[in-house]
Amino acid sequence: MLSSAVQLAHTACGDLAIGSKCPDVLVREYTEQFWKTAANISPLYRMDGFDYAVLIFYFTILGVLAVYGAYRIKQVVDFWRYRRIQPRPQAFFTDDALPVITVQLPLFNELYVVERLLRAVTAIDYPRARLQIQGLDDEYVHRTDRTGFKAGALEHGLKTAKGELVAIFDADFVPKPDCLRKLVHFFTDPLVGCAQMRWSHINGTYNLLTRLQTIMLDGHFVIEQTVRNRTGGFFNFNGTAGIWRRRAIELSGGWQHDTLTEDTDLSFRAQLMGWRFVYLLDEDAPAEIPVEINAFKAQQRRWAKGVMQVGLKLYPRIWRAPLPLRVKAEMFFRLTGNISYPLMILASFLQFPLLLVRYNQGFYNLMLFDVPLLFFSTVSVVLFYGSAVWYLDERRTRRLLHLPLVMAIGIGLAFSNARAVLEALFGVKSDFIRTPKYRVEQTTDATWKAKKYRRKRGLLPLLELSFAVYFLLAMLYAVHMSLWGPLPFLALFLFGYGYMGTMSLLQTASGKRLQALWRPLAARRA
């Protein structure tokens, strides 16, 4: 091969006098260029149909993601514009006129957190004669089956509920004593159907996963919910930490269990009926978030599938409703946003071919096409979550440094959530997989690893790890070919898939080992 390069160099010297020797410097330059081209395993140094197909497919995907990114940027702009507009009750109930509230606690064998929840609920500051507490599903109000799961439990509880208002707290919440009094006065307006607080996080600093989750959740509860409520759009009740008017539930069709997000479903049906919702950004309800990666993935998968199911069920009705076009557009983005996960997988597949195709492209072309699309599809994520962190935290620097990892975690969820989205699109039914609650509150608490909830491994972590290897090879190739620009993005893919796959395998294995050790000890203690 080297002789071919030398021959090529001498051929280039053909215009020199016959018999003259081609300069050594020219031979060296052609030799270096030959080896550099040979090291590039791509035969695409001449653009052909495959090159254009890869580029068109990639930029189409990036363009779609950029549109959703632009929508997020609009939400950030609207948030800073409307953040000081606080909802105010139309009037205030006197203590003698406070309505009866039924507090519903949807439970299912919550052996670790139910006592904490009951202590918090029984400490709520509200007249006892006007307060009813229902422990649902398999505690106080018992059902013989789990038909409808959480939605079925809530609907079943309404049959014996005494209150004209219904407050709901999931098992992982610890409501504050004044929570009902903070919410109840908004129901002096007869058109208010629901009022909700922002979620806060009991164990948000427990490990890296919980630190990243808090940022992801805060983006939703600080930016999305606030903007939707204060700009006159629809926002969804998040299943807990709020109060419903019972009449709004009943007139809107009640709790239905044909989707996995019964709260989102009922919320949009109620708002289509004309009921008003209230969201309190600056009042919070503390909750425990998953500390284990498989529980986190199951929760995210349920939400992704459920929202897509609601979109398929309700968006045609929303589109036909006499609503402003901006509300219909916002609802489209809300209900279809999870389509980004299948697109993320396709974008992941294209990264290595893209390196090969783009090897011989100039810097100008990279700037012309990539920068605008990457700005809307990636920088928008930083602005979105960064704004939530900036609003909530006085000591925000450390959390802001986690933003690249938040982006990586979003990428790492692609396979799990893409499966959920495709199941929704193709009408595949699945059970309501509850999120395990371990009562983890302190950073030193590691006993959750030995507790009873099963952790399913499956093949998904192996698929995630295979993609991590794929991106490691892509990064090595990019370094070898001095393609420095793509490295930060490739690193996000590598960390996201690698973290998801590795932690899924490690936490499943460690949980099983600890359970094997814990059970004999527990038996001896008994």
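The values are calculated or read from the model by the stated rules, or taken from the named source; none is laboratory data. All values reported here derive from a predicted model rather than from experimental measurement. Note: ideal-geometry Cβ built from the backbone for every residue, glycine included; neighbour counts use all protein chains shown. Quick note on the areas: whole protein, heavy atoms, side chains included, nothing else; ligands and nucleic acids left out. Shrake-Rupley method; radii C 1.70, N 1.55, O 1.52, S 1.80 Å.
Here is a check on your reading of the model: is Thr502 assigned to a helix (DSSP H, G or I), at pLDDT 85 or above and either of a type outside the set (Gly, Ala, Ser) or surrounded by fewer than 21 Cβ atoms within 10 Å (Cβ to Cβ) (or both)? Criteria met by Thr502. Counting only residues that are β-branched (Val, Ile, Thr), touching a helix residue (DSSP H, G or I) at 6+ places or on another chain (Cβ under 6 Å) and at pLDDT 75 or above, segment 422-438 holds 1 of them.
The numbered conditions (1) among the charged types (D, E, K, R); (2) open to solvent by 10 Å² or more (accessible area, probe 1.4 Å); (3) under 25 Å from Gln90 (Cβ atoms) are all true for Arg228 except (2). Restricting attention to segment 251-264, the residues that are in contact (Cβ under 8 Å) with a residue 60 or more places away in the chain and assigned to a helix (DSSP H, G or I) total 1.
Looking only at segment 286-302, decide whether some residue is in contact with a Cys (Cβ under 6 Å, 6 or more places away or on another chain) and surrounded by 20 or more Cβ atoms within 10 Å (Cβ to Cβ). Looking through segment 286-302, none of the residues is in contact with a Cys (Cβ under 6 Å, 6 or more places away or on another chain) and surrounded by 20 or more Cβ atoms within 10 Å (Cβ to Cβ). The set of residues in segment 401-422 that are out of contact with any Leu (no Cβ under 7 Å at 6 or more places or on another chain) and either β-branched (Val, Ile, Thr) or open to solvent by 40 Å² or more (accessible area, probe 1.4 Å) (or both) comprises Leu401, Arg419, Val421, Leu422. Do we find a residue being under 19 Å from Leu350 (Cβ atoms), polar (S, T, N, Q) and either at pLDDT 75 or above or open to solvent by 20 Å² or more (accessible area, probe 1.4 Å) (or both) anywhere in segment 439-459? For segment 439-459, residues under 19 Å from Leu350 (Cβ atoms), polar (S, T, N, Q) and either at pLDDT 75 or above or open to solvent by 20 Å² or more (accessible area, probe 1.4 Å) (or both): absent. Is segment 316-339 home to any residue that is assigned to a loop (DSSP other than H, G, I, E, B), open to solvent by less than 10 Å² (accessible area, probe 1.4 Å) and more than 30 Å from Gln90 (Cβ to Cβ)? No: segment 316-339 contains no residue that is assigned to a loop (DSSP other than H, G, I, E, B), open to solvent by less than 10 Å² (accessible area, probe 1.4 Å) and more than 30 Å from Gln90 (Cβ to Cβ). In the set Asp218, Asp263, Asp189, Asp172, only one residue is open to solvent by less than 10 Å² (accessible area, probe 1.4 Å) and among the acidic types (Asp, Glu); that residue is Asp218. One residue alone among Arg84, Arg72 is open to solvent by 30 Å² or more (accessible area, probe 1.4 Å), modelled with pLDDT of 90 or more and within 30 Å of Pro190 (Cβ to Cβ), and that residue is Arg84. Against the numbered list (1) at pLDDT 90 or above; (2) part of a loop (DSSP other than H, G, I, E, B), Leu16 comes up short only at (1). Scanning segment 181-198 for residues that are assigned to a helix (DSSP H, G or I) and of a type outside the set (A, V, I, L, M, F, W, C) gives Arg181, Lys182, His185, Thr188. Considering Asp96, Asp125, Asp145, the condition of being modelled with pLDDT of 95 or more and open to solvent by 40 Å² or more (accessible area, probe 1.4 Å) is satisfied by Asp125 alone. Of everything in segment 216-249 that is assigned to a loop (DSSP other than H, G, I, E, B) and not small (Gly, Ala, Ser), the residue that is nearest to the chain's Cα centre (by Cα) is Asn238.
Step by step: first the residues of segment 94-133, then only those that are farther than 18 Å from Gln196 by Cα and among the β-branched types (Val, Ile, Thr), then the one that is nearest to the chain's Cα centre (by Cα). Which residue is that? That would be Val113. Only residues that are out of contact with any Ser or Thr (no Cβ under 8 Å at 6 or more places or on another chain), of a type in the set (D, E, K, R) and closer than 20 Å to Glu262 by Cα were counted in segment 284-328, giving 1. Residues that are within 25 Å of Arg269 (Cβ to Cβ) and in contact with an Asp or Glu (Cβ under 9 Å, 6 or more places away or on another chain) were ranked within segment 192-206; the one that is surrounded by the most Cβ atoms within 10 Å (Cβ to Cβ) is Met197.
Yes or no: segment 270-284 includes at least one residue that is among the acidic types (Asp, Glu), over 23 Å from Leu392 (Cα atoms), outside any loop (DSSP other than H, G, I, E, B) and open to solvent by 20 Å² or more (accessible area, probe 1.4 Å).
No, segment 270-284 contains no residue that is among the acidic types (Asp, Glu), over 23 Å from Leu392 (Cα atoms), outside any loop (DSSP other than H, G, I, E, B) and open to solvent by 20 Å² or more (accessible area, probe 1.4 Å).
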